[in-house]
Every structure is written in structure tokens, then in C-alpha cells.
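Working notes, beginning with the structure itself.
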Amino acid sequence: MNKKQHVSPKHPRAASIETREKIIAHHDSSVLATAGLIAHGRGEAFDYLIGEKTGAPAFRAVKAAATSLLLAKHPVISVNGNAAALVAEDLVSLSEVTGAKLEVNLYYRYPGRETAIRTVLEKAGAKEVLGIGEAASAKLPEIGSERRRVDPRGILKADVVLVPLEDGDRTEALRKMGKTVIAIDLNPLSRTAQWSSITIVDNIIRALPHLVAEVRRQKDMSRRELEEILHSFDNRQNLGSEIKLINKRLSDLAEKGVYIPEVVELYEHLEEDASKSN
Ligand code: PTJ
């Protein structure tokens, strides 16, 4: 059991530390798998690379994802430990605005985790949660892990599945079954990001509110307008733009060396002092 640390709101990384505290607390209550802590750290590293903000390619993917969910006949939101820990309320809002079902689907289906996640979702307002216990009675082909267990009312019959923070195997299997897969993954190089139909390279904490807002914005659009949005989206190209964005950001940073304004100022003062003393 971990003791919650007090985080000063003045700390420059307060939001990031608060998120860590949340993740740790959910690990203590079995919502989060231990590997979920590692996955979170990997996500943080990629978030630094994209500048910890939603970039233009991610907004394009959010737009296409919203359209895809609105056009779907049987949309499903797959929920794992990290997603439930970080954005339970937003997942429920997304389910409400799109009519998508919420289904718990886990890599580490250890005793107690499914029900712990269901409790978190229900506390956030979910009326129905699929994929719990015997309800996950169907099996996806060619997957070695517990992720293969799905609910016949949910992922099995879904035409569009949103998979936040995945491991690539299931995304690959779902695509091979002809389903549209929307992923939210900070790593544009992950197998999930590469296999998905629409990849939102962004932190799930920022991406989900954008997605909910975008669905609301598109709700009154005609079917034709929606189909045009999907038609003009190219995931391969968009992933390329995402990698270029990281590349450019790193090149710019490499030029400057430091980017924190106070540190830049400090260097300028030191240079001034040095030139005065020469
Ligand atoms: O809850 P379970 O049992 O289903 O297990 C979930 C984990 C996350 C442990 C499992 O799916 C896993 O091992 O995932 P990976 O292979 O580590 O992939 C997780 C991906 O999510 C990585 O590419 C991370 O960069 C990315 N990621 C981590 N945090 C975030 C994120 N993407 C978006 N938002 C985040 N906050």
C-alpha cells in the first residue's frame, strides 16, 4: 500500500505528479495492472516528445474517430485498467453521446480486476458494463492473451471499437476480422498505432474530452458530410505527420539546447556577464 503524497499546486509538474498519484492509488485497488505503471511511464516519455499538447495530426484523428463512432452500427469502447484509472468520467460521457457500449477487456484478467473496473465506471455514471466474468464468453481468434475473451453483445459483434492504451495483438486481430479500430496511443510507433484504422497520438487525458466535444459538434451533420470526413482521412499519412511533428520538435530543441524560459534567461545573463568581464 502506498501513502499518498501531498503535491504542492506550485510545483511546475504538479499535474503530472497528481496523475501519477491517481495511477498509484488505482494500482493499490487492483484497477491498474502492475504493468500499467510501466505503460504509464512509457506514455509520459512520448508525451514529452510531442510537447504535452494535442497537435494538429491528433486533432485530425479525433475528428475522424468521432465520425466513425457516429456512423457505426455497433460501436464499443474497450476499457482496460489505465483507461478506467485516468478517464472513467470521459469514457462514460463518450458512451452516452455516441451510444457506444462500454466493455471491460483486460490483458491481465486477474481475479477482482474486472469488478474493480466496473465499480469505477459505475461510480462515473455507467449504467451497463459488458465483459465481466462469464459475460466475456466469446473468443477472438489468434490471440494468446486474456484479451481474446470478449462479450458477444459487445466487441464480438462491434463494427467500430475504440481501444485506448492497447497492446498490438488484439488490434491486429480486430482489423483482420474486418472491424474499424480507433486507438489512443502516445507512441506512434507502437504496433497498436500502426495496426489501427484511426490512431489518435495523444494523451488519453486530453484526447477523450476533445473526442466527446467533437462528437457533439458532428451530431447534426448529414450522413454525406460525415462520410466525406472519413473519406478524406488517411491514417498512414497522419501517422507520418505525427512522426514529422516529433522530428521537427526535436530538431528545434536541438538548436536551442534548452527551452525552459527561465533557463534561457539564465544563460543570457551568464553570457552578458561573461562579455562584460572580457
Ligand atoms: O489493464 P490491462 O490488464 O489490460 O493492461 C493494460 C496495459 C497498459 C498494461 C497493457 O495494455 C500494456 O502492456 O500496454 P503496452 O504494450 O505497454 O502499451 C501501452 C501504450 O499506451 C504505450 O504505447 C504507451 O506509450 C501508451 N500510453 C501510456 N499512457 C498513455 C498512453 N497513451 C495515451 N495516453 C496515456 N495516458
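The values are calculated or read from the model by the stated rules, or taken from the named source; none is laboratory data. All values derive from a computational prediction rather than experimental measurement. Here the Cβ positions follow ideal geometry from the backbone for every residue, glycine too, while neighbour counts run over all protein chains shown.
Name the single residue, out of those in the range 107-119 being outside any loop (DSSP other than H, G, I, E, B) and within 12 Å of the ligand (Cβ to nearest atom), that is surrounded by the most Cβ atoms within 10 Å (Cβ to Cβ).
The selected residue is ILE117.
Has the range 218-234 got any residue that is part of a helix (DSSP H, G or I), in contact with a Lys or Arg (Cβ under 7 Å, 6 or more places away or on another chain) and surrounded by 12 or more Cβ atoms within 10 Å (Cβ to Cβ)?
Within the range 218-234 (the criterion being part of a helix (DSSP H, G or I), in contact with a Lys or Arg (Cβ under 7 Å, 6 or more places away or on another chain) and surrounded by 12 or more Cβ atoms within 10 Å (Cβ to Cβ)), the answer is yes, since at least one residue qualifies.
Which members of the range 165-185 meet the condition of being within 16 Å of the ligand (Cβ to nearest atom) and closer than 14 Å to ALA100 by Cα? Show your work before the answer.
First, the residues of the range 165-185 that are within 16 Å of the ligand (Cβ to nearest atom): 165-174, 181-185.
Within the range 165-185, VAL181, ILE182 meet the criteria.
Take ARG20 and decide whether it is of a type outside the set (Ser, Thr, Tyr), within 12 Å of the ligand (Cβ to nearest atom) and either over 29 Å from ILE260 (Cα atoms) or assigned to a helix (DSSP H, G or I) (or both).
Yes, satisfied.
Does THR171 satisfy being among the polar types (S, T, N, Q), part of a strand (DSSP E or B) and either within 26 Å of GLY36 (Cα to Cα) or in contact (Cβ under 8 Å) with a residue 40 or more places away in the chain (or both)?
Here the answer is no, as THR171 does not meet what is asked.
Which of the residues belonging to the range 49-71 are in a helix (DSSP H, G or I) and surrounded by fewer than 23 Cβ atoms within 10 Å (Cβ to Cβ)?
Here is the first cut: in the range 49-71, the ones in a helix (DSSP H, G or I) are 49, 56-71.
Within the range 49-71, LEU49, ALA56, PHE59, ARG60, LYS63, LEU70, LEU71 meet the criteria.
Given the conditions (1) hydrophobic (A, V, I, L, M, F, W, C); (2) within 22 Å of ARG170 (Cα to Cα); (3) within 19 Å of the chain's Cα centre (by Cα), which single one is not true for ALA135?
(3)
As an exercise: evaluate THR199 against (1) at pLDDT below 95; (2) part of a strand (DSSP E or B) and give the number of the one condition it does not meet.
Condition (1) is where THR199 drops out.
Restricting to the range 72-96, what's the tally of residues that are closer than 22 Å to LEU239 by Cβ and in a helix (DSSP H, G or I)?
Total satisfying the criteria: 2.
Output the residue which, of all residues in the range 23-46 that are among the β-branched types (Val, Ile, Thr) and outside any loop (DSSP other than H, G, I, E, B), is nearest to the ligand (Cβ to nearest atom).
Here the residue is ILE38.
If you scan the range 132-150, which residues turn out to be more than 15 Å from the ligand (Cβ to nearest atom) and either without any contact (Cβ under 8 Å) to a residue 24 or more places away in the chain or in contact with a strand residue (DSSP E or B) (Cβ under 6 Å, 6 or more places away or on another chain) (or both)?
The first filter runs over the range 132-150 and keeps only residues more than 15 Å from the ligand (Cβ to nearest atom), leaving 133-135, 137-139, 141-142.
Once the filter is applied, which keeps residues that are more than 15 Å from the ligand (Cβ to nearest atom) and either without any contact (Cβ under 8 Å) to a residue 24 or more places away in the chain or in contact with a strand residue (DSSP E or B) (Cβ under 6 Å, 6 or more places away or on another chain) (or both), the range 132-150 yields GLY133, GLU134, ALA135, SER137, ALA138, LYS139.
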